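The values are calculated or read from the model by the stated rules, or taken from the named source; none is laboratory data. Given the structure is predicted, the values throughout are model-derived calculations rather than measurements. Here the Cβ is made from the backbone with ideal geometry for all residues, glycine too, and neighbour counts use every protein chain on show. Side chains included, ligands, DNA and RNA excluded: accessible areas come from the protein's heavy atoms. Shrake-Rupley method; radii C 1.70, N 1.55, O 1.52, S 1.80 Å.
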Amino acid sequence: MTASPASDQGRARGTPPRPPVAAAAAAPAGIIGALLVLAAAIAGVQNAIVHAGWAPAPSWLGTLADAVDGARPQPWWGVIGAAAAACGVWLLVLAVKPRRRTAIAVYTCADTRTDPDDSDSDNTDAGADTADRATAAAVWLRPVDAARLAGDIARAVPAVTGAAATATRKKITVTARTVDADTAAVRTQITDALTDRLAPIAGQVRIDAAVHTDKVHR
């Protein structure tokens with residue numbers, strides 16, 4: 001579980017903290033571009049060293065220039081140009097693509113009680129402050145941690161001999177084994193336990209449970 005920091009000013013306004021996100025989709029393209037720029041810089045330095053007479057080796061850039069000198073237009077040049085244009089459009093899409101969230105938001109509120117002796121206006125202010133605290137007090141649960149928690153909850157259900165769980169940001173799937181012949185009843189118990197214990201995130205993820213008879217223990 002990870003906590004997302006927020007400034008005191010943002011919390012005072014009830015602004016929710018920023019969620020954990022994956023690396024930008026353009027990161028791999030940026031790394032490749034940086035390597036290409038580095039290669040061009042190395043070629044430029046090598047060309048300068050050769051022309052300064054510090055090395056007898058031929059210039060890489062000069063060799064490349066001699067190779068393309070006198071080249072005539074070819075039909076396949078258009079294909080290369082179209083591919084380069086498509087690559088440019090693809091890079092633009094990656095640059096503006098939003099980052100993918102990597103965790104499930106868990107919203108909690110430390111105190112939702114109000115004083116019954118307060119006036120209506122005071123209750124209204126307290127309710128607004130409570131809503132702000134509930135919005136700001138957000139932590140983030142990784143899907144792998146949600147799966148571990150769901151598995152522990154399922155294994156704590158009576159008659160369950162074992163359980164495994166997988167999770168994404170949208171779905172938690174639990175597969176359990178039981179010695180009880182009434183697998184439907186056990187599945188209901190597991191689903192109820194998961195819904196109760198995972199109430200802070202139940203509205204964001206779908207919970208599915210499958211129960212199989214444990215033949216080894218029959």
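Modelled label-to-label distance, Thr213 and Ala71, 7 Å Cα→beta-carbon offset: nm?
Spacing of the two 7 Å Cα→Cβ label points: 7.2 nm.
Roll a 1.4 Å probe over the protein heavy atoms and report the accessible area of Arg101 in Å², nearest 10.
Here the accessible area works out near 110 Å².
Say each of Ala34 and Thr188 gets a label point 7 Å from the Cα, pointing the same way as Cα to Cβ; how far apart are those two points in nm?
5.8 nm
Would you mind computing, in nm to one decimal, how far apart the modelled labels at Gln46 and Gln204 are, each placed 7 Å from Cα along Cα→Cβ?
For Gln46 paired with Gln204, the spin-label model returns 5.1 nm.
Given the range 56-106, report the % of alpha carbon pairs whose separation exceeds 19 Å. Could the numbers behind the result be given before it?
Values: 805 of 1275 pairs.
That fraction is 63 percent.
Where the centre of each part is set by its Cα atoms, how far does the range 35-70 sit from the range 136-165, in angstrom?
Distance between centres, Cα-based: 59 Å.
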